Amino acid sequence: MSRVSLVVVAGTTETAAIDGISAAGADPTLRRHTPSADLEIVTDGRPAADSPLPISPSGSPTPAVITRAVRELVDFDVVGVDAGLAVPTATPTRDACAEP
(Lines give C-alpha, C1' and ligand atoms only; values in the text may rest on other atoms or scores of the structure.)
Protein backbone atom coordinates (compact mmCIF):
# COMPACT_ATOMS: atom_id res chain seq x y z
CA MET A 1 0.00 0.00 0.00
CA SER A 2 1.37 3.43 -0.89
CA ARG A 3 1.90 6.15 1.69
CA VAL A 4 -0.39 9.18 1.74
CA SER A 5 1.12 12.65 1.32
CA LEU A 6 -0.33 16.11 1.83
CA VAL A 7 1.13 18.67 -0.56
CA VAL A 8 1.11 22.16 0.94
CA VAL A 9 1.62 24.89 -1.65
CA ALA A 10 2.62 28.08 0.17
CA GLY A 11 3.09 31.54 -1.24
CA THR A 12 2.66 35.20 -0.37
CA THR A 13 0.39 37.56 -2.28
CA GLU A 14 0.18 41.34 -2.36
CA THR A 15 -3.56 41.02 -1.69
CA ALA A 16 -2.78 39.84 1.85
CA ALA A 17 -1.22 43.24 2.58
CA ILE A 18 -4.52 45.07 2.01
CA ASP A 19 -6.21 45.81 5.33
CA GLY A 20 -9.67 44.34 5.70
CA ILE A 21 -9.19 41.63 3.06
CA SER A 22 -6.95 39.06 4.70
CA ALA A 23 -7.21 37.47 8.12
CA ALA A 24 -3.88 35.70 7.65
CA GLY A 25 -2.04 37.75 10.24
CA ALA A 26 -2.51 40.43 12.85
CA ASP A 27 -1.15 43.17 10.55
CA PRO A 28 0.24 43.51 7.00
CA THR A 29 3.86 43.15 8.15
CA LEU A 30 3.18 39.87 9.99
CA ARG A 31 1.09 38.54 7.08
CA ARG A 32 4.30 38.20 5.06
CA HIS A 33 5.42 35.54 7.58
CA THR A 34 2.13 33.60 7.68
CA PRO A 35 2.62 31.16 4.75
CA SER A 36 6.11 30.18 5.96
CA ALA A 37 5.01 29.82 9.59
CA ASP A 38 1.92 27.82 8.59
CA LEU A 39 4.09 25.35 6.70
CA GLU A 40 6.43 25.06 9.71
CA ILE A 41 3.47 24.40 12.02
CA VAL A 42 2.09 21.65 9.77
CA THR A 43 5.46 19.94 9.31
CA ASP A 44 7.24 20.60 12.61
CA GLY A 45 4.45 21.32 15.09
CA ARG A 46 5.45 24.94 15.69
CA PRO A 47 6.84 27.91 13.77
CA ALA A 48 10.60 28.34 13.64
CA ALA A 49 12.15 30.50 16.36
CA ASP A 50 12.25 33.52 14.05
CA SER A 51 8.66 33.06 12.80
CA PRO A 52 5.72 34.52 14.70
CA LEU A 53 2.66 32.34 15.37
CA PRO A 54 0.07 33.54 12.84
CA ILE A 55 -2.89 35.15 14.59
CA SER A 56 -5.83 36.75 12.80
CA PRO A 57 -6.76 40.40 13.42
CA SER A 58 -9.56 39.12 15.69
CA GLY A 59 -7.09 37.04 17.74
CA SER A 60 -7.80 33.56 16.35
CA PRO A 61 -4.83 31.25 15.75
CA THR A 62 -4.04 30.02 12.25
CA PRO A 63 -6.02 27.04 10.90
CA ALA A 64 -2.63 25.35 10.37
CA VAL A 65 -2.86 24.20 13.99
CA ILE A 66 -5.91 22.10 13.05
CA THR A 67 -4.02 20.50 10.17
CA ARG A 68 -1.16 19.75 12.54
CA ALA A 69 -3.58 18.19 15.06
CA VAL A 70 -4.91 15.91 12.32
CA ARG A 71 -1.35 15.02 11.41
CA GLU A 72 -0.77 13.98 15.03
CA LEU A 73 -3.72 11.56 14.74
CA VAL A 74 -3.22 10.33 11.16
CA ASP A 75 0.21 9.34 9.89
CA PHE A 76 0.95 11.07 6.58
CA ASP A 77 3.87 12.82 4.91
CA VAL A 78 3.89 16.54 4.13
CA VAL A 79 5.54 17.93 1.02
CA GLY A 80 6.07 21.70 1.11
CA VAL A 81 6.08 23.63 -2.16
CA ASP A 82 7.46 27.18 -2.26
CA ALA A 83 5.17 29.06 -4.64
CA GLY A 84 6.60 32.48 -3.88
CA LEU A 85 7.20 32.80 -0.15
CA ALA A 86 8.10 36.35 0.92
CA VAL A 87 9.92 35.03 3.99
CA PRO A 88 12.04 31.87 3.80
CA THR A 89 10.77 28.88 5.76
CA ALA A 90 12.82 26.60 7.98
CA THR A 91 10.96 23.64 6.45
CA PRO A 92 12.50 21.97 3.41
CA THR A 93 10.47 22.81 0.29
CA ARG A 94 10.39 22.14 -3.39
CA ASP A 95 10.47 25.17 -5.67
CA ALA A 96 7.27 25.51 -7.71
CA CYS A 97 9.25 27.17 -10.50
CA ALA A 98 12.10 24.65 -10.63
CA GLU A 99 12.68 22.50 -13.69
CA PRO A 100 11.61 18.86 -13.19
In the range 1-37, anything of a type in the set (A, V, I, L, M, F, W, C) and in contact with a strand residue (DSSP E or B) (Cβ under 6 Å, 6 or more places away or on another chain) is listed as Leu6, Val7, Val8, Val9, Ala26
By residue number, the members of the range 14-38 that are more than 12 Å from the chain's Cα centre (by Cα) and in contact (Cβ under 8 Å) with a residue 24 or more places away in the chain are Ala23, Ala26, Asp27, Leu30
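Give Thr43, Thr12 a once-over and let me know the one that is part of a loop (DSSP other than H, G, I, E, B), under 20 Å from Ala96 (Cα atoms) and not aliphatic (A, V, I, L, M).
When all the criteria are applied, what remains is Thr12.
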Restricted to the range 50-99 and to residues being of a type in the set (Ser, Thr, Tyr) and more than 18 Å from Arg32 (Cβ to Cβ), the residue modelled with the highest pLDDT is Thr67
Across (1) within 24 Å of Arg94 (Cβ to Cβ); (2) in a loop (DSSP other than H, G, I, E, B), Gly59 clears everything bar (1)
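Yes or no, residue by residue, for (1) touching a Lys or Arg at 6+ places or on another chain (Cβ under 6 Å); (2) open to solvent by 50 Å² or more (accessible area, probe 1.4 Å); (3) assigned to a helix (DSSP H, G or I):
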position	(1), (2), (3)
Ile21	no, yes, no
Thr29	no, yes, yes
Ser36	no, no, yes
Pro47	no, no, no
Ser51	no, no, no
Arg68	no, no, yes
Val79	no, no, no
Glu99	no, yes, no
When (1) more than 14 Å from the chain's Cα centre (by Cα); (2) in contact (Cβ under 8 Å) with a residue 12 or more places away in the chain are applied to Ala69, the one that fails is (2)
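The values are calculated or read from the model by the stated rules, or taken from the named source; none is laboratory data. Keep in mind that this is a model prediction, so the values were computed, not measured. Cβ atoms come from the backbone with ideal geometry, glycine included; neighbour counts cover every protein chain shown. Accessible surface is based on the protein model in full, side chains and every heavy atom, while ligands, DNA and RNA are left aside. Shrake-Rupley method; radii C 1.70, N 1.55, O 1.52, S 1.80 Å.
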